[in-house]
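Quick notes on the structure that follows.
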Amino acid sequence: MHSLFPTARPLQTATTVVRMTSNGPRSLADALRAWPDDRLARLLQGRPDLAVPIPPDVGVLASRAAVRLSVLRALDGLDAYRLSLLETLAVSEDPLPLLDKAAAESLEDLALIWGGHPDWHLVGSVRDVLSGGTGLGRPLAVLLADHTGARLQALEAALDVTGRDAVLSLLTDPTAVRDLLAAGGEQAQAVVGQLAAGPPYGKVKDARRITSVEDVDSPVRWLLSRGLLVAIDDETVELPREIGLLVRGAPSAAHQPPPLTTTKVGTKEVDRAAAHEAADVVARVEKLLESWADDPPSVLRSGGLGVRDLKRTAKELDVTDSAAALLLEVAFAAGLVDNTPSVDPDWLPTPGFDRWVAMPPEDRWVELARAWVGMTRMPALVGMRDERDKALAALSQEVERSSAPTDRRRVLDLLRETPEGHAVSEDVVIGVLSWRSPRRGGRLRDVLPSWVLGEVAALGLSGRQGLSTFARLLLDGRDRDAARSLRELLPEPLDHVLVQPDLTVIAPGPLERDLARQLALVADVESTGGATVYRVSDASVRRALDAGRSAADLHALFRTRSRTPVPQGLSYLIDDVARRHGLLRVGSSASYLRCEDEALLNEVMASKKAEVLGLRRLAPTVVTSAASITQVLEVLRAMGHAPAPEAPDGALLVARSDTRRTAVRQRAIRHGETQALPDEQARLAVGALRAGDLAARANRRAPVTVRSVSDASAFLHQAAREGRQVWLGYVDAQGRPTSRVVEPRTVEGGYVTAFDHLRQEDRTFSLHRITGVAEIED
């Protein structure tokens, strides 16, 4: 039976680990060559990074499988049980007869171990990765190497043996070690148990002080006196690897994942709640981008959106900063917003936004949800601090993560496993995913699922902690069906509102898009929920007049769209603001004011609030200012006036937000993690791999020197007549040298037609690109 107590030896790399046996593979490459095609295809699908690009032969495939980065990716996909089996192998010196044959074979299918049952060998780079992270200390032989003289004598006396070899023999005997730990008592066992779980180091004052059996005054001193702990400096002790392995025992990870416990809520309840959130998301993204079209925020010098602009956006949308960041990132990923290419860039909607708002609400949601699923950005990082203690900005490069799509898919795939209409708690999701891939996510392992679940709920993919029906259709790639399913759940848009005597306007449900835009222009949102409450004020009416609406237009809007009588106070408000609107005209000088009412202009000139504008009178009805038009408008409006901007020809300058757009800029391509190959691509890749391996390992005779096209032509003519396979050296159209095994068919017109084992089909090769030919021996 294999001993759990290894001896020290240098770690080996994957390419040097071989089995010197007469009946079995001698290396990982030999093992892979013996695999059937379907198993090689499973390897390329299980570790898709090995197939990019397709390896030229099996030897290269084996080398790639042992590269540290590729091994780390493969380990990230292992569940806790299989990972514990690998850790057992990583701290062992000889092949282990793993008891769970099925789990071991699944690890072999990923080329992490090789050799076959019952003797498995670990790929060297896997050992390198895992042995440094097992939480085990160094072997006893290494730790006791400097124990000489009085220190060794004290240890011999405590263990009642003589000589270093006897000490090592006793401390590597499982029965003797268990007896020693039992004699040490519960406190000593607790210390060893804590260090065995990792890390194996502890702090002790005067750790190197020689302690006799009589001087023991604590559990740690007792362990040091028996060699169960070893002092490595004056303040640090280390638990030997052999002791840690014995205390740990067999792999502790559960063979099966925690149960995916769910609670029945009801499909209708889940879908209704999710549809409500989906409708809110669509409405908020539209409102967000229309607001930015009116008043675009600036792009930070380092890229991204400033904290103040993010908070202002969150306040306008009546959501948290993190929710606003999520909507921004999704809109950016969907191509609805981008930064302008100017020297001082701003964030503006793109022409794609106009196309998007013209869609039905369900199609708009599908486009947003699809962008979120595949985007390589992690909105939850916004506001967190980087290593320089700098806050990560929304829409910046710092929140790019290539692993983000895979992290989302892990959570979404788990939610898809739940029955329809069932809810699953966050703790259950974290527990199951922690077992399925304990290494994935690093220090963010436990918070990543929480982030994704929060985004799933905020975007309307789930409701009441259950995955909605239309979200399941979306994740199955059935976007049209998902949109139809969502459309059945959304209420029909309303064509009316309820105007109240207190100048509020109630929208009892979602409004038609044209009505919603007109109402947003003339009123401000006061509260949201099942119904949206708007308030009409001087400022909101002025805003509508600035946008080119007349008083008659506003009266007609409320008269035709309100199911309740229009209060007299609202009519008076519209008429009063319209009467004052445009009496003051502001144009460019730096700026000027023009007003036919001299008394009103005198009032402005006399006001202390207008002193900041530096006004100077040029004529009874004209005043110039050193301030910009924007600043003059803001000051005058703060004074209670209703000024209007004026164009150079004297006409009113109408503000139109829909004209402010920016093209989607060329973005750096951000690739997520390599996705698994489809079955057909995996099959073709294996065919190319076999052909390349055949060419690389062909037992060919000395190649024929190709000094001219005629040399190659004569050789291939002869091979075609005799029906022989030949080795061919060839330079492709990109100038890359390749080698392959072919069966020549015909040679004519400067080309040879042959069956190419690399492509598994007849191919035509240019004779002038052939660099060498050789016969293949049987």
Q: Return a whole-number percent for the relative contact order of the chain, with Cα pairs under 8 Å and 6 or more residues apart as the contact set.
A: 11 percent
**Q.** Selection from Leu43, Gly687, Leu652 lying farthest towards where the dipole of the chain points positive, charges on Cβ
**A.** Leu652
Q: Please work out how much length the chain gains when fully extended from Glu743 to Glu400, using 0.36 nm per residue of separation minus the C-alpha to C-alpha distance, in nm with one decimal.
A: 118.5 nm
Q) In degrees from 0 to 90, rounded to the nearest 10, what is the angle of the helix 448-458 Cα long axis to the longest principal axis of the chain? A) 30 degrees
Q. Could you give the alpha-carbon Rg of region 198-326 over 2.2 N^0.38 Å, rounded to two decimals?
A. 2.19
Q) Lys268 accessible area, nearest 10 Å², 1.4 Å probe? A) 140 Å²
Q.
So, for region 553-616, what is the accessible surface per residue at a probe of 1.4 Å, expressed in square angstrom?
A. 57 Å²
Q. Could you sort Phe715, Phe470 by accessible area so the largest value comes first, with the probe set to 1.4 Å?
A. Phe715, Phe470
Q. Ratio of Rg to Rh for region 243-307, alpha carbon only, Kirkwood?
A. 1.39
Q: Answer rounded, prolate or oblate for region 358-430, using the Cα gyration tensor with square roots of eigenvalues a ≥ b ≥ c: rounded when a/c is under 1.5, else prolate when a/b is larger than b/c, else oblate.
A: oblate
Q | Debye intensity ratio I(q)/I(0), log10, region 278-420, q values 0.20, 0.22 Å⁻¹ (C-alpha model) | A | -1.31, -1.51
**Q.** Sites Gln760 and Ser425, calculated FRET efficiency, Cβ-Cβ separation with R0 51 Å, nearest 0.05
**A.** 0.50
**Q.** For region 116-240, the spread of Cα positions along each principal axis, largest first, Å
**A.** 52, 29, 28
Q) Is it possible to state the helix-based mean residue ellipticity at 222 nm for the chain, with each DSSP H run of 4+ residues giving -39500 (n - 2.57), the sum divided by total residues, to the nearest 500 deg cm²/dmol? What is it? A) -13500 deg cm²/dmol
Q.
For Glu761, what accessible surface area do you get with a 1.4 Å probe? Give it in Å², rounded to 10.
A. 90 Å²
Q.
Using square roots of five times the C-alpha gyration tensor eigenvalues, list the equivalent-ellipsoid semi-axes of the chain in whole Å, biggest first.
A. 68, 42, 26
Q.
What whole-number distance in Å separates the alpha-carbon centres of region 558-579 and region 491-509?
A. 14 Å
Q) In what order, largest first, do Trp451, Trp347, Trp222 sit by accessible area if the probe radius is 1.4 Å? A) Trp451, Trp222, Trp347
Q | For a label point 7 Å along the Cα-to-beta-carbon line of Ser302, residues of region 370-411 with backbone N under 12 Å | A | 383-394, 396-399
**Q.** Ranked by how many other beta carbons lie within 10 Å on average, peptides 675-682, 511-518, 686-693 from highest
**A.** 686-693, 511-518, 675-682
Q) Which percent of the accessible heavy-atom area of the chain goes to carbon and sulfur, probe 1.4 angstrom? A) 51 percent
Q.
As a test of reading the structure, rank Val204, Val307 by solvent-accessible area (1.4 Å probe, protein chains only), most first.
A. Val307, Val204
Q) Can you tell me the Rg and the Dmax, both Å, for the Cα atoms in region 704-778? A) 11.0, 33
Q: Might you report the magnitude of the Cβ-based charge dipole of the chain about its Cα centre, with Lys and Arg at +1 and Asp and Glu at -1, to the nearest 20 debye?
A: 1080 debye
**Q.** Phe765 - accessible surface, heavy atoms, 1.4 Å probe, Å² rounded to 10
**A.** 10 Å²
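The values are calculated or read from the model by the stated rules, or taken from the named source; none is laboratory data. The model shown is predicted, which means the values in this text are computed figures rather than measured ones. Note that we place each Cβ from the backbone using ideal geometry, even for glycine, and neighbour counts take in every protein chain shown. The area values use the complete protein model at the heavy-atom level, side chains included, leaving out ligands, DNA and RNA. Shrake-Rupley method; radii C 1.70, N 1.55, O 1.52, S 1.80 Å.
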